[in-house]
Ligand SMILES: [Zn+2]
């Protein structure tokens, strides 16, 4: 008889009293959970389901997880919106850095711009 060699990482094991979300990152703020989900959806091209935040009453926080119950059309729209938000966040961060560099020209510019 072949032994069951399938292993589960200890942090994801279903232990007595543990929930499936015990190993997941906990976000106190929905905005942070949405940002993390957007970043994931922008980095990962193919997913089995869109990454969406959900509230966890056990941990009193937000987790991110794949929502395989989302209708296909809605999932596709959501995925495109996630990528668009993440790219807008990156653009805002870049432009904020440029403005910071412009406001204080004594700082070493991280973008190679010279303002003097
Ligand atoms: Zn939880």
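Values quoted throughout were computed directly from the atomic coordinates according to the rules given, and no laboratory measurement underlies them. Source: prediction; values computed, not measured. Note that we place each Cβ from the backbone using ideal geometry, even for glycine, and neighbour counts take in every protein chain shown.
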* Net length gained if the chain between residue 68 and residue 98 were fully extended (0.36 nm per residue, minus Cα distance) -> 6.8 nm
* Between residue 89 and residue 43, what is the spin-label point distance in nm, taking each point 7 Å from the Cα along the Cα→C-beta axis? -> 1.1 nm
* Three principal axis extents, largest first, for the C-alpha atoms of segment 32-104, in Å? -> 49, 30, 16
* Mean separation of Cα pairs under 8 Å and 6+ residues apart, divided by the residue count of segment 21-103: what relative contact order is that in percent? -> 31 percent
